1. In square nanometres, what is the average projected area of the Cα convex hull of region 240-398?
2. Tally up the carbon and sulfur contribution to the accessible surface of the chain as a whole percent, 1.4 Å probe, everything protein left in place.
3. So what does Ser400 come to for accessible area, using a 1.4 Å probe and Å² rounded to 10?
4. As an exercise, take the mean of 1/r over every pair of distinct alpha carbons in region 78-152, invert it, and state the Kirkwood radius in angstroms.
5. Under the Karplus relation 6.51 cos²θ - 1.76 cosθ + 1.60, θ = phi - 60°, what is the ordered set of whole-Hz ³J(HN,Hα) values for region 32-47, x standing for Gly and Pro?
6. So for Arg23, Arg106, what's the accessible-area order with a 1.4 Å probe, most first?
7. Which log10 I(q)/I(0) values does region 215-317 give at q = 0.12, 0.16, 0.19 Å⁻¹ under the Debye formula, counting every alpha carbon as one identical point scatterer?
8. In what order, largest first, do Ser40, Ser63 sit by accessible area if the probe radius is 1.4 Å?
Amino acid sequence: MDIGQKIKDMAEHLYPEMVKRRRDLHRHPEAGWTEFRTASMVIQELESLGYEVHFGWEVIDGSQQMGLPAKDVMDACMERAVEEGADKKLVAAMAGGRTGVVGILRTGRPGKTVALRFDMDCNEVEEAKDEKHRPYREGFFSLHPGCMHACGHDGHTTAGLAVAKILAGLKDELVGTVKFIFQPAEEGVRGARAMAAKGVVDDADYLLGAHLMMPPVGFLGYDVRGFLATTKFDADFTGVPAHAGGMPECGKNALLAAANAAINIQGITRHSKGVTRINVGVLNAGTGRNVIPAHAHMEVETRGATTEVNDFVQKRAEEILKGAAMMYDVKVQFIQTGGAASGNNSPELSAHVRKTAERLGIFNRLEEVHDIGGSEDCSYFMERVQKHGGQAAYLIIGGSLAAVNHNNYFDFDERALVLEAQLLSTVACELVKG
């Protein structure tokens, strides 16, 4: 039996196990940087399969973490993970949001290094609880209020572990090295930068990432282009409170500075090298109608067709916010809470994926995907690998979604997991041989 047939049979055989695991993860969603239970399960599964496993500060550069939850939130999530079956020692070792995991399969024979990336976190969404929502109807809806796997990362983690199991079973027939990267905090594009900065893909000749999306099962987007670079940041304005009627001249109005800035950043010049986006999503200020507001909190995101274009927009936005603060004689501080690089697939790797998919015959619709119009921090890994001379590709896999990503009725057809596991396993086996 050739290796392709073995992979197909193994992926089919793993289907019931994948459904069970996906549904367990769906019931226990964990938001970015708090994936203690999920990461513990990944660590234990990879170790049981004979992988060399690294986690915690081994794979996370703490200086590059963005958008960390408050310590009390983190502590509560750690405690909850242990209560729900996570290994207490592993959870403790991941304190501070060190929830990234890297598993390495070394064959001991010369060959290429292939990295496969899977995200683990959930959305901060309250899941629908009515009979038309399958996870509720069949009893695997979220047990955690305000948290839900509404983007398919429960499926991504599940597929990643299935691929790990398939390749472990084929180790004696492989050459080279395969690295499995299980990433925290993709939502809000917060997690990849800290892992990429640690160098976890610096030795990779190839990198593959994938996402379950709206098209029906059987769809494969093999050449994804147009990820927008993005920066997410908070701006906090600090002024001086005063009585608005009796002593207005003693106050320094943080609200007016923030409002002025929010309007003026919409006038940032467009860029000749590509599209730009800017949005003020949150502006909170003030304590009462007769008090000069001393504080204002603003949440902003910029996007650009390239990292260069996004950096231009971000710099101008910060300059305008500083100018507004100066005009109203208040202070302003910035905190970056997320970010992603721009990204495009390497054409050669996309072509290879397409040829493999055609040969497997498991997809009935193969397409290039241009101008995806959003951001995904897998782009940090892609950019890093490509800058080191390697190739990277991001794939869109049809999941026959019940609702769009991030919707509280989100669900997907679990048969997509078999196709994803078979495709990624086959491509990885081909690539390590070079």
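1. Hull-based average projected area comes out at 12.5 nm².
2. Of all accessible area on the chain, carbon and sulfur atoms account for 51 percent.
3. The accessible area comes out at roughly 50 Å².
4. Here the Kirkwood hydrodynamic radius works out to 15.8 Å.
5. Once rounded to whole Hz, the list reads x, 6, 10, 7, 5, 5, 4, 5, 4, 5, 4, 4, 5, 5, 5, 4.
6. Highest to lowest solvent-accessible surface, that is Arg106, Arg23.
7. Those come out to -0.55, -0.75, -0.89, one per q.
8. Ser63, Ser40
The values are calculated or read from the model by the stated rules, or taken from the named source; none is laboratory data. Since the structure is predicted, the reported quantities are computational estimates derived from the model, not experimental observations. Backbone-built Cβ (ideal geometry, glycine too); neighbour counts: all protein chains shown. Side chains included, ligands, DNA and RNA excluded: accessible areas come from the protein's heavy atoms. Shrake-Rupley method; radii C 1.70, N 1.55, O 1.52, S 1.80 Å.
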